[in-house]
1. Of the residues that sit in segment 319-370 and are buried (at least 21 other Cβ atoms within 10 Å of the Cβ), out of contact with any helix residue (DSSP H, G or I) (no Cβ under 7 Å at 6 or more places or on another chain) and charged (D, E, K, R), which one is modelled with the lowest pLDDT?
2. Can you pull out every residue in segment 259-270 that is touching a Ser or Thr at 6+ places or on another chain (Cβ under 7 Å) and crowded, with 24+ Cβ neighbours inside 10 Å?
3. Which count do you get for residues in segment 86-117 that are farther than 30 Å from Ala238 by Cβ and hydrophobic (A, V, I, L, M, F, W, C)?
4. Name the single residue, out of those in segment 382-402 being closer than 26 Å to Leu347 by Cβ and among the aliphatic types (A, V, I, L, M), that is surrounded by the fewest Cβ atoms within 10 Å (Cβ to Cβ).
5. Within segment 251-258, can one find any residue that is at pLDDT below 95 and over 16 Å from the mean Cα position of the chain (by Cα)?
6. Could you pull out the residue among Gly149, Gly195, Gly163, Gly159 that is at pLDDT below 85, touching a strand residue (DSSP E or B) at 6+ places or on another chain (Cβ under 8 Å) and assigned to a loop (DSSP other than H, G, I, E, B)?
7. Of the residues that sit in segment 271-297 and are more than 19 Å from the chain's Cα centre (by Cα) and of a type in the set (Asp, Glu), which one is surrounded by the most Cβ atoms within 10 Å (Cβ to Cβ)?
8. Across segment 113-127, which residue is nearest to Gln78 (Cα to Cα) among those that are surrounded by fewer than 20 Cβ atoms within 10 Å (Cβ to Cβ) and at pLDDT 85 or above?
Amino acid sequence: MRIWQARWMVRLAALTAALAFMISIGLAQQGGQGGGGTGGGATGRGTPTPTPTPTPTPTPRPTIPGQQQQTQTPPPQQIWVTGKVMLYDGSPPPDSVTIERVCNTSVKPEGYTDSKGHFSLNLGQNNGVFADASTSTFPDFDTPGFGGGFGANTPGNFGGAAGPNSSLSRDNPYWDCELRARLPGYRSEAVSLLGRRTLDNPDIGVILLYPIAGIQGFTASATSGQAPKDARKAYEKAMNAAKKNKPDEAEQQLRKAVQTYPKYAEAWYQLGKVLETRNHFPEAREAYTSALAADSKFLFPYQQLYQLAVRDQNWKDVVDKTDQLLHLDPYEFPQAYYFNALGHLQLKEYDAAEKSAQEAVEADRKKANPKTHFLLGAILIQKQKWAEAAASLRNYLKAAPNASDKDQVEKALVQLDQQISRLQPASPNSAEQQ
């Protein structure tokens, strides 16, 4: 190998190594979040604490002597939302879809989509929707929302972003709710309404529907329905403590729940989330493992375990956990393909890495992770597929034109183009000239 070729390969290898380093650092800063997911989640999912909105001082009303002053109840805030429902493959749903609002332990239908999947509705205003038996009830406990947040309607942290008396909840009575779509035969993403205010842009984006057929895993554990009353009560207390930014109490109640009912997979999972947000990573890993021991088809613990493995740069475990997750559900966790490819790349298993990276690009329906193109390009470099690698890196810059590593990628592209030109066969005219 010539000297320039050796130096060139070293620089490209450094580019690949820098990718893994940036991902690991990013995950560490995000407290292990992957993601969704939405959600799916996945991922804890820190939500910035909104700046409190000053509450105007009401003008005193004159009172009539001997008459008690009445307190007026302010009218409820109106939250207008628009969006679109799509099937996982990007096509519109085959029928009109019901948009539901899930708040704590209740489910309320809010409106319908049109024939192309679009919806526009004013929350809490009925919108011409009638509840049926399938939406009038909901389990007595929170189930993890898409992406594995801490409870269905709260973020996966204890940042105190909102509470019953916060300025956020005063400006948005639905701060602890989420929206989802309902269509028989499909499972929906969930979009949190946390942080949404009255005058915000009403567009909440796309809600994806995933086919239930072929999916072996579940986003809610089947063991929860068998939990005894005392365990479920402890779980509910833990969820309330989490919403009030009381991690000590949440942990205590969750430990009580799993002690009362050791097969309580969702309680084990939420205990892991509490421990992870407090940087108790070995204990969190044990809790997630206990959740899977109780219910091996419960999906979210796999997501948390592979994120912890990425943090530890345990690439074999990353591959194992993402393989298991994607086997149970190949649709709802697109970032698992990304980290599966990264794990195979670090293990120098380039064929498997390329396959997963291609699937990661395909699975990123919302174009939320431009790094899928970057990762695929890095893998193709290792396989010496120069032209395909260059195309992937250009797709990355097109998807992320203001990327912080833009200069580095452009330098790699210059080197790739030089290599491609050297490998192109010389034209007949150039041969005659020589």
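1. The selected residue is Glu332.
2. Taking segment 259-270 first, the residues touching a Ser or Thr at 6+ places or on another chain (Cβ under 7 Å) are 263-266, 268.
Once the filter is applied, which keeps residues that are touching a Ser or Thr at 6+ places or on another chain (Cβ under 7 Å) and crowded, with 24+ Cβ neighbours inside 10 Å, segment 259-270 yields Tyr264, Ala265, Glu266, Trp268.
3. Total satisfying the criteria: 3.
4. Pass one, segment 382-402, residues closer than 26 Å to Leu347 by Cβ: 382-393, 395-396.
Now narrow it down to the ones that are among the aliphatic types (A, V, I, L, M): 387, 389-391, 393.
Values: Ala387: 14, Ala389: 24, Ala390: 21, Ala391: 16, Leu393: 23.
Ranking the qualifying residues of segment 382-402, first place goes to Ala387.
5. The first filter runs over segment 251-258 and keeps only residues at pLDDT below 95, leaving none.
No - not one qualifying residue is present in segment 251-258.
6. Details: Gly195 fails: touching a strand residue (DSSP E or B) at 6+ places or on another chain (Cβ under 8 Å); Gly163 fails: touching a strand residue (DSSP E or B) at 6+ places or on another chain (Cβ under 8 Å); Gly159 fails: touching a strand residue (DSSP E or B) at 6+ places or on another chain (Cβ under 8 Å).
After applying the criteria, what remains is Gly149.
7. Asp295
8. Going through segment 113-127, the residues surrounded by fewer than 20 Cβ atoms within 10 Å (Cβ to Cβ) turn out to be 114-116, 118, 120, 122, 124-127.
Filter once more, keeping what is at pLDDT 85 or above: 114-116, 118, 120, 122.
Values: Asp114: 22, Ser115: 26, Lys116: 26, His118: 20, Ser120: 13, Asn122: 7 Å.
Filtering segment 113-127 for residues that are surrounded by fewer than 20 Cβ atoms within 10 Å (Cβ to Cβ) and at pLDDT 85 or above, the one nearest to Gln78 (Cα to Cα) comes out as Asn122.
The values are calculated or read from the model by the stated rules, or taken from the named source; none is laboratory data. Because the structure is a prediction, the values reported are computed rather than measured. Cβ coordinates were reconstructed from backbone atoms using ideal geometry, including for glycine residues, and neighbour counts include every protein chain displayed.
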